[in-house]
Each structure stands twice: as C-alpha cells, then as structure tokens.
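Data block below; observations after.
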Amino acid sequence: MRILNFGSLNIDNVYHVDDFVQPGETKKSLGFEVFPGGKGLNQSVALARAGADVYHAGKIGADGLWLVELMRQSGVQVNLIRESDCNTGKAIIQVSNAGQNAIILYDGANQTMDPVFIDEVLSNFQASDILVLQNEINLVPEIIDQAWERGMQIALNPSPANEVIRQCYLGKVRWLLLNEIEGEWLTGKKMPEEIADALVESYPNMEVVLTLGGQGVLYRSREKKCYQEAFKVDVVDTTGAGDTFTGYFLKCAAAGESPEKALRTASKAASIAVSRSGAAVSIPYWKEVQ
C-alpha cells in the first residue's frame, strides 16, 4: 500500500518573541530562523520518518528546491513535485516564550495545481492506495472526487477551515483529522464528543480523529470510541505538532494497527516534536518514538 500526499510546500520564516505582536505594535524579535514547512511537507516527512511508503505531489518555485532535497533525505519519494513560475509558499511564524505560535501564510506555488497535473499525479496510483490532503493547495474538492473514482482511501486534514472544505463531499473521506476549532466550524458543536458524534452521524463510514492540544485526542467511528491523553513534556514550539501526529497516525492506521495503538504512537511522536524548534526538522524518526 502506497501513500500519496498531495500537499503544500512552504518556507517558514520563524520569529521568536516574548509574546505575539498586537495591532499597532512594533516588537523586536528575540531570534530568527528559516525552516522547511507547509502542512503537506510536514506530513510527508512525518509519514516517511514513521516508515511509510510516501509520495509527495505539489509545486514549488525556484527558491524552494532545497525543500525537495530535505524531503528526499527523510525518505519521501519526490518525483511528483514540479517547479512553478510562482515563488514557493511562505509562512511568517511568531513563536512566543510560552511555545505557542501565530502564523501568516502566503500560498505562492501551492495555488497553481491544474487538472492536467492532478490527472498526471493520480494516474500513478490505484484502488486501496491512500491519498492524504490538507487545505493549503487549490482544487482540493476536485482531487478528492478523482481519487474517490479511482477507489483510493482518502485522509483529509481540513486546515485551514474555509469555504473550500464546504465544497468537499466529506462522505468520501475515510479519515478526517482535525482540531476542536475546525470541528466546531464544521458541526456547530463545541464539546469534543458532540463534534465527533455529529460527524459520524452525518458520515457513518468516517473515522474521526479530533486533536485537543494538551488535552489529548479523541477517536470516533461508527464502531468505536477511544481517547488518548497527551504526554507531558516541556513545550518549546508547537509548530508542526498536529502534522507530526497526522503522519504517524496514518502510518499506523495504514499498517492495520488498532486506533488505540495508533493514537498512542502518534501522541508520543507529537510530544517529541513540540519539545524542539521548527516544524519538519523537529519530527522524530520511528526508532526514537518506539
């Protein structure tokens, strides 16, 4: 079974601050770093470092060629990444002393997918292969529809939550991995169990994985409900924690492991990631998580 991640590739510009900049305020940064990023890239690296057979499809500008090399070194198959005339996607990230982050995104080449490229990518995959998607590239509904027609199993991280997600028929999604804010936006519910129940009621074949930050994660399907507490660590930077969790969970799920075991392994990986700076560079390898 192969995993295709059709997703974003970004260059993260990270500014370390005592607290987030407020409207009208000019603040001196305590430090500055450049990292590889984008939810797509992060999740592909997490999948690869967890041991999955993962292929990444997406687009970069000439300024982002170094991202491809980093992914290759992590074990990601990169032959489906193409160069665009646009600049590579960018993120401006503030990381506070408390380890929290605030992010501004510039889409760049991530919004240059077209029907010809989508068909070229998906023609390399078949029924039972897994498609992983986020909402940081364009034409997500079309990609879901075409992958569904090919019989692929679809995992969706609906981030950022916006009207594009409402254009997707979520009944085609097997794994929906989201946080509380996205869950409330989709369902109108506030409590985690209410969010998960509402989604499974609307889409009975869906497996919902609802991340709750420091409170852990909730899994819900038609047959099963289970919960995993977060592992307590000293938080340095939460950027990429959810992507680390997503990659490790999907690797375990694709290998046929139980939801309980997948949640525990993915939570361990995410706890290691938040104890380090950066997004993709903070993602642990399988041996370390074990």
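The table below lists the values:
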quantity: Rel. contact order, % - alpha carbon contacts under 8 angstrom, at least six apart, the stretch 140-218; calculated: 26
quantity: Residue-averaged 222 nm ellipticity for the chain, from DSSP H runs of 4+ at -39500 (n - 2.57), nearest 500; calculated: -9500 deg cm²/dmol
quantity: The chain, relative contact order [Cα under 8 Å, separation at least 6], %; calculated: 18
quantity: Separation of alpha-carbon centers, the stretch 55-80 and the stretch 103-181, rounded to whole Å; calculated: 18
quantity: Near-label residues of the stretch 45-73 by backbone N, under 18 Å of a point 7 Å along Cα→Cβ of E33; calculated: 45-46, 67, 70-71
quantity: 5 angstrom amide H check on L4, placed H, neighbours 5+ away; calculated: Y55, I130, L131, V132
quantity: Compactness index (Cα Rg / 2.2 N^0.38 Å), the stretch 50-92; calculated: 1.19
quantity: The stretch 1-113 - percent relative contact order, Cα under 8 Å, separation 6 or more; calculated: 33
quantity: Cβ-based net charge around T265, under 13 Å, with every Lys or Arg adding one and every Asp or Glu removing one; calculated: +3
quantity: Calculated FRET value between N97 and D145, using beta carbons and R₀ = 41 Å, to 0.05; calculated: 0.40
quantity: Neighbourhood charge, 13 Å Cβ-Cβ cut-off, centred on V34 and excluding it, Lys, Arg +1 and Asp, Glu -1; calculated: -2
quantity: Pair V21, E69: separation of 7 Å Cα→Cβ label points (nm); calculated: 3.0
quantity: Rg/Rg_ref, the chain, where Rg_ref = 2.2 N^0.38 Å and atoms are Cα; calculated: 0.94
quantity: Relative packing of peptides 47-56, 252-261 - highest average C-beta neighbours within 10 Å first; calculated: 47-56, 252-261
quantity: The stretch 142-270: Cα Rg divided by the 2.2 N^0.38 Å rule of thumb; calculated: 1.01
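Coordinate-derived values only; no laboratory data. If you're wondering where the values come from, they're calculated on a predicted model, not measured in any experiment. Quick reminder, even Gly has a Cβ in these numbers, built from the backbone with ideal geometry, and neighbours come from all protein chains shown.
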